[in-house]
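Read through the structure below, which is laid out as structure tokens, and then see the notes.
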Amino acid sequence: TVTSRSEEGNVKEEINIAREGDGLEIGFNSKYLLDVLKVISDDEVHMEFNSSVSPCMVKPVDGDAYEYLILPVRISN
């Protein structure tokens, strides 16, 4: 589940993923996440998460054409 909260409103989207490991709740500045996804032409990407306070690594599913790190932000429950 991907959610976004801003002054303009709230959005909740369910997306299909292939997941390994335990679930995780992590927050990102949407601008930083979109900056990475805008420059990638692949239909699918591999995102690696370690904890809610460590960076997320975005890589291609196949090959090593790029690697991006996105720093998380703390979220309040």
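General remarks:
- When we screen Glu25, Glu13, Glu8, Glu20 for residues that are among the charged types (D, E, K, R) and farther than 19 Å from Ile75 by Cα, the only hit is Glu20.
- Residue under evaluation Glu25, criteria (1) surrounded by 13 or more Cβ atoms within 10 Å (Cβ to Cβ); (2) touching a residue at least 40 places away in the same chain (Cβ under 8 Å), criterion not met: (1)
- Pair list, Cβ under 6 Å, 6 or more apart: segment 48-65 residue on the phi < 0 side of the Ramachandran plot, other residue open to solvent by less than 50 Å² (accessible area, probe 1.4 Å) and in a loop (DSSP other than H, G, I, E, B): Ser52/Ile26
- Ser30 being surrounded by 12 or more Cβ atoms within 10 Å (Cβ to Cβ), among the small types (Gly, Ala, Ser) and in contact with a Pro (Cβ under 9 Å, 6 or more places away or on another chain): no
- Arg19 being loosely packed, with under 12 Cβ neighbours inside 10 Å and in contact (Cβ under 8 Å) with a residue 40 or more places away in the chain: no
The values are calculated or read from the model by the stated rules, or taken from the named source; none is laboratory data. What you are looking at is a predicted structure, and each value in this text was computed from that prediction instead of being measured. Glycine gets a Cβ as well: all are built from the backbone with ideal geometry, and neighbour counts include every protein chain shown. Surface accessibility is based on the protein's heavy atoms, side chains included, excluding ligands, DNA and RNA. Shrake-Rupley method; radii C 1.70, N 1.55, O 1.52, S 1.80 Å.
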